[in-house]
Every structure is written in structure tokens, then in C-alpha cells.
Amino acid sequence: MCQLKLRIWDIENRKMLPVVQWNVGGSVYVSDGPEAPDRRIETLDHHLMQWTGLKDGENRDIYENDVVEYTPNPYHPDKKELYTVVWLRSGFGFDGKDGQHALYLKESGLKVIGSIHTSPDLLTNR
């Protein structure tokens, strides 16, 4: 069974934070680090993202709204494509210049290089 993991883009402080507790009423508790106390923020003013259950080739979690670099053919590593990870009707998928595609459970050749929030400039060059 896949673990539910969430993160949130803190618009005010312009940083990505892990969600440590989620309340159905629309608020979450986030962690600013091991030394800081958890703090409560309203999700309406922030961007909440879910983990896909997948990791990239460098063992990093892949979340909704991540920008991933995809190498479709390992024999041609110089040919890379950029995609945004999005929620589709059937589950998580890719959104790129050539449309939307399903994200398969054992997708290989993926590397998280940012998110639409931390690195919006990545999307202008795809």
C-alpha cells in the first residue's frame, strides 16, 4: 500500500514544506525543520501537492507539480524531454509540449529537476 505524503508551497515565504499533519477542515501543520515547532497554515492560501508513490532515478520522491526530466531512450541520453507531473482522471501523469501522458508505476529515466513553484523558468524552455 502506498503511503500518503503531502507537501505544500508556502506562498508567503516562497518555500516548499513537508506536511506533518492534515486536517480535513482545510488546514495543515508543516515543519520548518527539526529545530522549529510545527506550525498551522490554511491550505486555501497555499498549493497542496500529493506524492505520486514513485521515486526518480536519484531516489527522490516525485510529487504533483514537479518538473521532471525524462530520457525516453537510455541509448540516447542526450535526448531529454521536460514534463510537469499532474493529476489526470486515471492517476498521475505527465503534461508536456506534446500533450498529456500516463505516468507508469515503474517509469524509468526520470529525474526531478524542480517544481512549477520553485523553478517556473524551467517550463519556458520546453
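Which residue is nearest to the chain's Cα centre (by Cα), if the candidates are limited to segment 78-93 and must be over 15 Å from residue 49 (Cα atoms) and in a strand (DSSP E or B)?
83
Residues that are in contact with a strand residue (DSSP E or B) (Cβ under 8 Å, 6 or more places away or on another chain) and free of Cβ contacts under 8 Å to residues at least 24 places away in the same chain: does segment 49-60 have at least one?
Looking for residues that are in contact with a strand residue (DSSP E or B) (Cβ under 8 Å, 6 or more places away or on another chain) and free of Cβ contacts under 8 Å to residues at least 24 places away in the same chain, one finds at least one in segment 49-60, hence yes.
Could you check, for segment 15-28, whether at least one of its residues is touching a helix residue (DSSP H, G or I) at 6+ places or on another chain (Cβ under 9 Å), at pLDDT below 85, small (Gly, Ala, Ser) and more than 24 Å from residue 110 (Cα to Cα)?
Looking through segment 15-28, at least one residue is touching a helix residue (DSSP H, G or I) at 6+ places or on another chain (Cβ under 9 Å), at pLDDT below 85, small (Gly, Ala, Ser) and more than 24 Å from residue 110 (Cα to Cα).
When you scan segment 1-77 for strands (runs of 3 or more DSSP E) that lie fully inside it, which ones turn up with 2 or more residues that are over 14 Å from the mean Cα position of the chain (by Cα)?
15-23, 27-30, 39-42
Residues in segment 90-98: is at least one surrounded by 13 or more Cβ atoms within 10 Å (Cβ to Cβ), in contact (Cβ under 8 Å) with a residue 60 or more places away in the chain and either closer than 17 Å to residue 4 by Cα or of a type in the set (Val, Ile, Thr) (or both)?
no
Checking the structure you have, find out if any residue of segment 17-24 is out of contact with any Cys (no Cβ under 9 Å at 6 or more places or on another chain) and either among the hydroxyl-bearing types (Ser, Thr, Tyr) or buried (at least 17 other Cβ atoms within 10 Å of the Cβ) (or both).
Within segment 17-24, one or more residues are out of contact with any Cys (no Cβ under 9 Å at 6 or more places or on another chain) and either among the hydroxyl-bearing types (Ser, Thr, Tyr) or buried (at least 17 other Cβ atoms within 10 Å of the Cβ) (or both).
The values are calculated or read from the model by the stated rules, or taken from the named source; none is laboratory data. What you see is a predicted model; the values in this text were computed from it and never measured. A quick note on method: Cβ atoms are made from the backbone with ideal geometry, for glycine too, and the neighbour counts reach across all protein chains shown.
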